[in-house]
Each structure stands twice: as C-alpha cells, then as structure tokens.
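*Asks:* Submitted below is the structure of interest, expressed as structure tokens.
Computed from the coordinates by the stated procedures, all read-outs in this text should not be read as laboratory data. Everything numeric in this text was worked out from a predicted model, so none of it was measured. In this analysis, Cβ positions are derived from the backbone assuming ideal geometry, glycine residues included, and neighbour counts consider all displayed protein chains.
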Amino acid sequence: MPPKSRREEYADATRQALIGAAGELFVAQGYQQVGIEAIARSARVTRGAFYHHFADKAELFDALIAAMQEDAAARVKAAAESAPKAKRIGAGIRAFLDVCCEPAYRQLVIDTAPAVLGTARCREIEEAHVYGLLIGALTGPAGSSEKARTNAYLAARMIGSMVCEAARLLDGSDDPGALKAEALKVVDSMVGTLAPDKGGKSAARK
C-alpha cells in the first residue's frame, strides 16, 4: 500500500485519540455519564473533529469495543501459538480469562456493550476476533461436516460465555486464585470432549 499522507496520518491519530479518551472516561465515569464534549476535550480535539470520525457516541463506543476485542484476540492468539500444539486451545482460553478479568474489559466489553450495541452486534464483533479463534480451533480440519461446524460454533459460544461469567465471579472473590483454577477445570473438561485433535487427553489440560 502507498504511504499515508500527513492528513491521513493526522486523521488516524485523531481517531485513535478519541477512542482512547473515550475508553478512559467510560471506565472512570460510566458510558451514560460521559458526553461527546467531554470526550473531545479529553482527546484535545474539537467537537467538529469528533463528528468527522463518528456519527454519535454509540458509533465511537462500537469502534472502542472492536479495538478492545482485536487486542484481546491478538493476545489470545499469541498465547496459543507459544504453547505446544496439543495445549494451544487451553492456553488460548487461559489467556482469554486473563483478559476478561481486567477491569476495563469486564466493565466495557462484558457488561456495557450488550446494552449499548445490542446482542447481535456484540456477537458479530466477538466472532470477528476472540470467538472466531475458538470456533476455528474447535472446527477441526478443512472439510469438516456441517454438523461439526455447527457444534464448534455452539461450543465456542458456550465456552466463551463460561469464561466471561467466571471473570464476573472472580471480581470480588475471597479466593480468586482457587476459583480461577476451578473455572479452568470446568472449561477444560468441556473442551476435552470437543477438541478435534483427541489423543486421550484434554487439549486444554496443562
């Protein structure tokens, strides 16, 4: 691709500044309490610059959630690829649980996004990133049957939901370490029956 012009670089920087500022404000004050003026001021841009990039606050929030999910997917993929082949699914799931336990992700992606963006849009973003990785890992080799693909999709959605719920329970737990270990055992047992490369051991087991 040809190099970006200075105007394009400035536009990208402005967009990222708005997304970053919005993320910080939403975490600190809550989505409903933050206005467009405050976001623009925090990003050190004009209100007009805001509307050049986003139609409204909800569109900005959509971009923020997509960026957070893209980052989460990169971290999950890196964790999976650094593990032995038989343990990649488990390594990815453990990395995803770590992401879900981060306050900003839990607050914005898990708790706030469904109410602001709707369930359908949240699923679309999830499946373009983290959930898509899990669906691919559980589907098996190319040419898998329609039933295998359907089962992989259902399993990925269920496992992802389990991980998100575990993150909620870990928040404020008296013994988060023990609870996290138990949560991983539950997910491990489920993945062990679904992973395409079955060798007598769970693909998620350490």
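*Asks:* In whole Hz, with x marking every Gly and Pro, tabulate ³J(HN,Hα) for the range 155-165 from phi via Karplus 6.51 cos²θ - 1.76 cosθ + 1.60, θ = phi - 60°.
*Replies:* In residue order, the calculated couplings are 5, 4, 5, 5, 5, x, 5, 4, 5, 4, 5 Hz.
*Asks:* Could you give P(r) for the chain, binned at 5 Å from zero, as whole percent values over all Cα-Cα pairs?
*Replies:* 1, 7, 14, 16, 16, 14, 11, 9, 7, 4, 1, 0, 0
*Asks:* Kindly express, to the nearest 10 degrees and within the range 0 to 90, the angle between helix 130-139's C-alpha long axis and the longest C-alpha principal axis of the chain.
*Replies:* 30 degrees
*Asks:* Okay, next question. Tell me the angle of helix 119-128 to the major Cα principal axis of the chain, expressed in degrees between 0 and 90 and rounded to the nearest ten.
*Replies:* Helix 119-128 and the main axis of the chain meet at about 70 degrees.
*Asks:* In addition: Along the charge dipole of the chain, Cβ charges K/R +1 and D/E -1, which of Thr193, Leu97, Gly35 sits furthest on the positive end?
*Replies:* Most positive-ward Cα: Thr193.
*Asks:* By how many degrees, between 0 and 90 and to the nearest 10, does the Cα long axis of helix 176-192 differ from the longest principal axis of the chain?
*Replies:* It works out to around 60 degrees.
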